[in-house]
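Working notes, structure below.
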Amino acid sequence: MRKFIVSVSVLLIAFFVLATNSVSARTITSEEDDINISKEEIINDDLFVAGRVVTINGTVNGDVFVGAQTVRIDGIINGNLHIGAQTIYLGGIVKGNIYSGGQDVTVSSLNLGGSLISGSQSLIIDNKSTIGGSVVSGSADVNINSQIKRNAILGTGILTIGEDTKIGKDLSYASSPESGVTNISDKAKIGGQIHKVDTTTSQKEIEKAKNESKSFFAGAKMVASIISYLGALLIGLLTIKLFGNFLSNSTNKVRQSFWKSLGIGFLIMIASIPGIIVLLITIIGIPVAGLSILLLILYSCLAKIVVGNALGNFVATKLKWKMNGFWAFAFGLLLIYVFKIIPVAGGIMEMVILWIGLGAITLNIFSKKE
């Protein structure tokens with residue numbers, strides 16, 4: 001048991017080290033007032049901003065993360081820009097990439113060093129803007145009339161490529177065959193090729209894809225079950241070798257106090273879930289919540305091993321089979337995985353097995369303290 005405690009301690013130390021590793025950043029939030037980073041202001045750090053209306057005219061020497069109703073960028077950002085807003089206006093200079101999600105995105109007089117990745121209702125890029133990388137967009141309405149030095153990859157209903165557009169490499173787009181409208185100016189310059197993705201798919205192709213996906217997922221599920229069984233078998237073997245007495249005592253609790261183990265395990269699960277949620281909400285309790293989740297996962301793995309061992313020994317005794325401890329455990333664990341295959345009943349059986357194992361382990365721990 002000493003080795004077990006040492007192993008868990010190492011995991012917990014690693015968790016707390018990772019959880020408490022802080023990142024330096026400037027944070028500005030306001031629910032009512034507008035937030036304005038003036039032209040004279042320089043922020044030498046990453047910037048996190050949340051408000052109703054956010055305007056950045058100054059300089060940020062780091063990445064920017066913005067959440068607001070309306071966002072306007074006219075300053076200099078020497079990093080990546082991440083935006084989630086209803087209305088977005090992009091201008092100024094951004095050295096990195098822009099990741100935006102909103103209803104309306106308007107790009108005007110923007111000098112972008114990297115790529116623009118956008119999801120929106122509408123995307124407009126005017127002829128005063130330059131995109132140093134690619135434009136990747138999923139929007140109902142896309143209107144581009146600017147210079148894009150790499151590729152334009154677009155999924156849209158209405159596509160307009162203006163006469164001032166210059167795309168350094170390929171233009172790839174997909175639109176609805178029924179309602180899509182595409183207007184690519186003859187004066188637009190496309191350095192590579194124009195690829196139109198055909199979105200029409202026959203009913204036979206759809207049915208074929210469905211059948212193939214069902215077969216694939218059924219096979220993948222079977223392979224995953226076999227791998228899971230072998231993994232649990234290996235963990236069980238190590239548990240038998242290292243913590244044989246602990247496993248044996250917990251197994252005896254299943255036999256001696258079956259209904260008590262089931263009830264205690266059920267109560268542990270019912271109590272732990274809201275407790276973890278409360279800890280996560282309090283923010284301060286996040287490390288403790290992480291510790292609780294880690295222990296719960298650990299006990300869940302042990303629960304399956306305990307019940308598998310109890311089940312295998314029970315069947316071997318009833319049928320008068322001569323099996324040593326490991327083979328009885330392997331057989332019991334196999335029965336559990338066979339039960340899991342049964343639709344609906346398998347899921348219920350899995351939960352019951354978890355409750356029984358958790359209850360038996362808890363009874364064993366506290367009986368030792370007594």
Legend entry - Condition broken by residue 112, with the remaining ones in (1) in contact with a strand residue (DSSP E or B) (Cβ under 6 Å, 6 or more places away or on another chain); (2) surrounded by fewer than 18 Cβ atoms within 10 Å (Cβ to Cβ); (3) not polar (S, T, N, Q) satisfied: (2)
Legend entry - Given (1) touching a residue at least 24 places away in the same chain (Cβ under 8 Å); (2) over 20 Å from residue 228 (Cβ atoms), index of the condition residue 332 fails: (2)
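Of the residues 309, 364, only one is touching a Lys or Arg at 6+ places or on another chain (Cβ under 7 Å), over 19 Å from residue 270 (Cβ atoms) and touching a residue at least 24 places away in the same chain (Cβ under 8 Å); which? Steps first, please.
Details: 309 fails: touching a Lys or Arg at 6+ places or on another chain (Cβ under 7 Å).
Testing whether each residue is touching a Lys or Arg at 6+ places or on another chain (Cβ under 7 Å), over 19 Å from residue 270 (Cβ atoms) and touching a residue at least 24 places away in the same chain (Cβ under 8 Å) leaves just 364.
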Inset, instruction - Return only the number of the condition from (1) of a type outside the set (Phe, Trp, Tyr); (2) surrounded by 15 or more Cβ atoms within 10 Å (Cβ to Cβ); (3) assigned to a helix (DSSP H, G or I) that residue 323 does not satisfy. - result: (3)
Inset, instruction - Select, from 315, 278, the only residue that is in the same structural domain as residue 349 (by TED's automatic domain parsing), surrounded by 12 or more Cβ atoms within 10 Å (Cβ to Cβ) and either assigned to a helix (DSSP H, G or I) or of a type in the set (Val, Ile, Thr) (or both). - result: 315
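Report yes if residue 67 is assigned to a strand (DSSP E or B), small (Gly, Ala, Ser) and under 24 Å from residue 27 (Cα atoms), otherwise no. Let's see the steps before the verdict.
On the way: assigned to a strand (DSSP E or B): yes; small (Gly, Ala, Ser): yes; under 24 Å from residue 27 (Cα atoms): yes.
Against the criterion (assigned to a strand (DSSP E or B), small (Gly, Ala, Ser) and under 24 Å from residue 27 (Cα atoms)), residue 67 qualifies.
The values are calculated or read from the model by the stated rules, or taken from the named source; none is laboratory data. This one's a predicted model, so the numbers in the text were calculated from it and none came from an experiment. We place every Cβ from the backbone using ideal geometry, glycine too, and count neighbours over all the protein chains shown.
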